[in-house]
Amino acid sequence: GAGVSQTPSNKVTEKGKYVELRCDPISGHTALYWYRQSLGQGPEFLIYFQGTGAADDSGLPNDRFFAVRPEGSVSTLKIQRTERGDSAVYLCASSPGGQETQYFGPGTRLLVL
Amino acid sequence: GQQLNQSPQSMFIQEGEDVSMNCTSSSIFNTWLWYKQEPGEGPVLLIALYKAGELTSNGRLTAQFGITRKDSFLNISASIPSDVGIYFCAGSKAAGNKLTFGGGTRVLVKP
């Protein structure tokens, strides 16, 4: 079966622009997570959805970051007024819900010039 | 910032060797997970540990969940070239909750 997919795989943008990153979880998985991975480091948690609602958004660094999951499946991570420090790999993971086993997508590599 | 400390940060393997890496935390985690990440890809789950003291194997990989709930180790036996990659430990405090990752152990092949 299909795993977690993320689009685009790479995104180059200019400082100050708005970007959207998309995640398609494994079919039937109710929980969806976003992480950010800077070069040479482990992933860091951003936000977690259970169904359509954000169950934990404590990892979002500031109000320029926002994520939605309107129908409880696909999720979009939105970054406003991008800064060079936002450059990183943005990883999405999903799980069947109520379990710790999270399955990751390949990530979107964001470069802010 | 990272709450899990992984060591070593990097290691060289020679084919056939057994290698070991570990992960420690200042706080308790109720689940420990080990992932492997290769360039350009997302982390892939290797082993999940759910009980303190649990020892679990997956092929040539063996991992243990420390009794104190503050540490875990991963062993790779009879290493092969495709074991090269970055290995991450991750902890979760409750079912379905966010994962906290270590900084990774980079496994490289001896020249």
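The values are calculated or read from the model by the stated rules, or taken from the named source; none is laboratory data. What you are looking at is a predicted structure, and each value in this text was computed from that prediction instead of being measured. Glycine gets a Cβ as well: all are built from the backbone with ideal geometry, and neighbour counts include every protein chain shown. Side chains are part of the model used for accessible areas, which takes the heavy atoms of the whole protein and leaves out ligands, DNA and RNA. Shrake-Rupley method; radii C 1.70, N 1.55, O 1.52, S 1.80 Å.
Say whether the condition of being in a strand (DSSP E or B), more than 13 Å from every other protein chain (Cβ to nearest Cβ) and not charged (D, E, K, R) is met by at least one residue in region B:77-85. Show your work before the answer.
Of all residues in region B:77-85, those in a strand (DSSP E or B) come to B:85.
When the remaining residues are screened for being more than 13 Å from every other protein chain (Cβ to nearest Cβ), the result is B:85.
Applying the additional criterion that residues be not charged (D, E, K, R) yields B:85.
Taking every residue of region B:77-85 in turn, at least one turns out to be in a strand (DSSP E or B), more than 13 Å from every other protein chain (Cβ to nearest Cβ) and not charged (D, E, K, R).
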Are any of the residues in region B:64-82 of a type outside the set (D, E), within 18 Å of A:Q41 (Cα to Cα) and open to solvent by less than 30 Å² (accessible area, probe 1.4 Å)? no
Select from region B:10-57 the residues that are surrounded by 19 or more Cβ atoms within 10 Å (Cβ to Cβ) and either part of a loop (DSSP other than H, G, I, E, B) or among the small types (G, A, S) (or both) and write down the one among them that is farthest from the other protein chains (Cβ to nearest Cβ). B:S25
What is the one condition in (1) under 14 Å from the mean Cα position of the chain (by Cα); (2) more than 29 Å from A:A54 (Cα to Cα); (3) surrounded by 15 or more Cβ atoms within 10 Å (Cβ to Cβ); (4) of a type outside the set (K, R) that B:C89 does not satisfy? (2)
